[in-house]
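A.B. asks: Sharing a structure with you now.
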Amino acid sequence: MPLKTRAARVGSMDVNRMAPVELRVFALFAAAAAAGQSVTIREVAGLAGPNGRTIGSRSAMSIAGDLVDSGLLALSPPLASVGLDAPIEVSVAGRSTTEGAGKPVLPRPMSPTMPELREPVAPGAVPEQARGARPVPEPRLSKEARRPREPKGARDGEQTGLRRFGVLTVPPGLPDALLAELSSIVEGFRAHQASGVADLTVVAELTKRKAAALAVWAEVPYPLGTGLVRAEAERARRAHETTLQQLAQQRGIPWESARPGAEPGGHWAVSGLGEPVRGALNYIGRTAPGTAPVARLLALVCLLRGVGTGVANLTGPDLRGVCGKEAESAVGELTASGWLSVDVEDLLATEEDPIGCGVPGAEGFTLGKLPRTRSSGWVARVIAHKKLRKQPARVRLAALGITSHCDAHGAARAELDFLAGLTASTPEEVVAAAEVLVAEGWLTEAHVEEGMLHARLGPDQLIFVEALRTNTPVQTLQAAAKAAAAAAAAETAEAESVPQEQPTPPAEPTT
């Protein structure tokens, strides 16, 4: 029977309520003694602890020393003079390894959890001490006095006094510059806590340095750089962005202006729902489904409806509302390229019950459930607006691209190449589409500078930017705006209905 199998059987005994790891070590030693085999500290260190990890050589030496001190084991040679691979002869309490030994080895009463074992006394024999007298206990020595320990090596991070960095244990071998930076970050957080004043500027700088330092640590070869370090680096990066967002809110400035890499006085497209919408538009421009603008507009609608599930539910009215008279050609172009999977005649014939259209072209594009629903609704509201619903697909795609790149005040800045790829047109045709948007009142101005289209959204269309920024449905904002306008009109009417008091003319002087 293998030695570890014997150890597992012996370890199932209840030896005075030992800890599980101590039971396993004792079981291995007991199995070795029963089999007359030697054992090494490395074999003991390879035992699995309760958490599934090996206990390690340091814990193995410590537990073996405690078992020897308690009298349960006798090891030869002593632990203080052996290495990790030196064979050790083991004898357990009550068992001698020497043939013909006179007395069994009995444990000393060193632990309060171990009962004192005495040699058997003949019946009727009188003990040396009176029955009522209590024996005087021998003075107990500390573990250090009973068993000299080997001097420990330098602890982890002893160069800088840093042993742990958050949930991470600082291992030996990290570069000195990185250790110094980690220590400086820890001292910075401690000083900020000791000050008692919450300064988001300090927290933002510290979290930024923390993310950068952990990113450097993660690049160190294994086992120093691990997946846990990379995960902590990502957490620090997100904490830095969250702190910047809180700082921007505290200062009353757009969050986009405080993001990492943002230039002072630059242009910052709204975040919130704007990020997934711009991601979908970029995906359409990059993958270029179909060659006609109407095909790409339909691909965008199907992408947002089918992302995650791979199926976009459409009806005939939905298709005609998006593509108009070009519905059949748009569906045919997407199905021919393999971007969409549906029978065009069945889709055009349905009126109420939607048909599931397969969207193979959406593979590799992901969005969360809430952004997918809100993004799809936002796109549907824009292309169905009364100023855009009768415009060609190129103009409606240009309106989507420009509006999604607006800042909180309606100023837009988008690359001409991006808009050209989105609308399946040339830069000149993009400029012509922007002029149509200005004529329709969707934009108030538009011009091109160094390959960038600069535009400004009309005042009535700012509600679409607010929907992106706050991740709120457009219809909710429109209902709130109507309610506010109605309340203001009611207050004005009530103020006008109250008769104003006529001033009393001054009395004429008497003569």
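A.B. asks: Report, ordered by the first and then the second residue, all pairs with beta carbons closer than 8 Å, sequence separation of six or more or different chains, a first member in the stretch 364-380 that is assigned to a loop (DSSP other than H, G, I, E, B), and a second member that is of a type in the set (A, V, I, L, M).
C.D. replies: Phe365/Ala280; Phe365/Leu303; Phe365/Val307; Thr366/Val307; Leu367/Ala280; Leu367/Leu304; Leu367/Val307
A.B. asks: Please name all residue pairs, on different chains or six or more residues apart, with Cβ atoms under 7 Å, provided the first residue is in the stretch 470-487 and is within 24 Å of Pro276 (Cα to Cα) and part of a helix (DSSP H, G or I) and the second residue is open to solvent by less than 60 Å² (accessible area, probe 1.4 Å) and among the small types (Gly, Ala, Ser).
C.D. replies: If the second residue must be open to solvent by less than 60 Å² (accessible area, probe 1.4 Å) and among the small types (Gly, Ala, Ser), the pairs left are Thr470/Gly272; Val474/Ala467; Leu477/Ala467.
A.B. asks: Right, here's the next one. How many of the residues making up the stretch 338-363 are farther than 27 Å from Pro473 by Cβ and not in a strand (DSSP E or B)?
C.D. replies: 11
A.B. asks: Filtering the stretch 182-234 down to residues that are surrounded by fewer than 17 Cβ atoms within 10 Å (Cβ to Cβ) and among the β-branched types (Val, Ile, Thr), which residue is modelled with the highest pLDDT?
C.D. replies: Val202
A.B. asks: So, one more: Might you check whether a residue that is among the aliphatic types (A, V, I, L, M), at pLDDT below 70 and assigned to a helix (DSSP H, G or I) occurs anywhere in the stretch 37-47?
C.D. replies: Within the stretch 37-47 (the criterion being among the aliphatic types (A, V, I, L, M), at pLDDT below 70 and assigned to a helix (DSSP H, G or I)), the answer is no, since none of the residues qualifies.
A.B. asks: Taking the criterion of being more than 18 Å from Trp268 (Cα to Cα), open to solvent by less than 30 Å² (accessible area, probe 1.4 Å), of a type in the set (Gly, Ala, Ser) and touching a residue at least 40 places away in the same chain (Cβ under 8 Å), would at least one residue in the stretch 460-467 satisfy it?
C.D. replies: Scanning the stretch 460-467 turns up no residue that is more than 18 Å from Trp268 (Cα to Cα), open to solvent by less than 30 Å² (accessible area, probe 1.4 Å), of a type in the set (Gly, Ala, Ser) and touching a residue at least 40 places away in the same chain (Cβ under 8 Å).
A.B. asks: Could you please let me know if Ala434 is within 19 Å of Ile383 (Cβ to Cβ), open to solvent by less than 80 Å² (accessible area, probe 1.4 Å) and hydrophobic (A, V, I, L, M, F, W, C)?
C.D. replies: yes
A.B. asks: Regarding Gly308, is this residue of a type outside the set (S, T, N, Q), part of a helix (DSSP H, G or I) and within 35 Å of the chain's Cα centre (by Cα)?
C.D. replies: Considered against the rule, which asks whether it is of a type outside the set (S, T, N, Q), part of a helix (DSSP H, G or I) and within 35 Å of the chain's Cα centre (by Cα), Gly308 comes out as no.
A.B. asks: Could I ask something else about it? From Ala191, Ala204, Ala215, grab the single residue that is in a helix (DSSP H, G or I) and in contact with a His (Cβ under 8 Å, 6 or more places away or on another chain).
C.D. replies: Result of the check over Ala191, Ala204, Ala215: Ala204.
A.B. asks: Of all residues in the stretch 235-285, which are assigned to a loop (DSSP other than H, G, I, E, B) and either closer than 15 Å to Lys208 by Cα or modelled with pLDDT of 65 or more (or both)?
C.D. replies: Answer for the stretch 235-285, where residues must be assigned to a loop (DSSP other than H, G, I, E, B) and either closer than 15 Å to Lys208 by Cα or modelled with pLDDT of 65 or more (or both): Arg259, Pro260, Gly261, Ala262, His267, Trp268, Ala269, Val270, Ser271, Gly272, Leu273.
A.B. asks: Quick one: is Arg24 modelled with pLDDT under 80 and surrounded by 14 or more Cβ atoms within 10 Å (Cβ to Cβ)?
C.D. replies: no
Yes or no, residue by residue, for (1) touching a residue at least 12 places away in the same chain (Cβ under 8 Å); (2) out of contact with any Cys (no Cβ under 8 Å at 6 or more places or on another chain); (3) among the aromatic types (Phe, Trp, Tyr):
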{"position": "Arg209", "(1), (2), (3)": "yes, yes, no"}
{"position": "Trp217", "(1), (2), (3)": "yes, yes, yes"}
{"position": "Gly225", "(1), (2), (3)": "no, yes, no"}
{"position": "Val229", "(1), (2), (3)": "yes, yes, no"}
{"position": "Ala236", "(1), (2), (3)": "yes, yes, no"}
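A.B. asks: With respect to Gly451, is the statement that it is open to solvent by less than 10 Å² (accessible area, probe 1.4 Å), farther than 30 Å from Gly316 by Cα and under 39 Å from the mean Cα position of the chain (by Cα) true?
C.D. replies: Spelling it out, it is not the case that Gly451 is open to solvent by less than 10 Å² (accessible area, probe 1.4 Å), farther than 30 Å from Gly316 by Cα and under 39 Å from the mean Cα position of the chain (by Cα).
A.B. asks: On to the next question. Of everything in the stretch 392-424 that's part of a loop (DSSP other than H, G, I, E, B) and open to solvent by 20 Å² or more (accessible area, probe 1.4 Å), which residue is farthest from Gly279 (Cα to Cα)?
C.D. replies: Across the stretch 392-424, the extreme among qualifying residues is Pro392.
A.B. asks: Shifting gears a bit: When the residues of the stretch 296-355 are filtered to those that are farther than 25 Å from Gly279 by Cα and of a type in the set (Lys, Arg), which remaining residue is surrounded by the fewest Cβ atoms within 10 Å (Cβ to Cβ)?
C.D. replies: Restricting to residues being farther than 25 Å from Gly279 by Cα and of a type in the set (Lys, Arg), the top hit is Lys325.
A.B. asks: Modelled with pLDDT under 95 and assigned to a loop (DSSP other than H, G, I, E, B): does that describe Arg389?
C.D. replies: yes
A.B. asks: Sticking with this structure for a sec: Mind counting the residues in the stretch 337-371 that are over 18 Å from Val301 (Cβ atoms) and of a type in the set (A, V, I, L, M)?
C.D. replies: 2
The values are calculated or read from the model by the stated rules, or taken from the named source; none is laboratory data. Just so it is clear, the structure is predicted and the values come from calculations on it, not from any experiment. Here the Cβ is made from the backbone with ideal geometry for all residues, glycine too, and neighbour counts use every protein chain on show. Note: accessible area is taken over every heavy atom of the protein model, side chains too, but ligands, DNA and RNA are not part of it. Shrake-Rupley method; radii C 1.70, N 1.55, O 1.52, S 1.80 Å.
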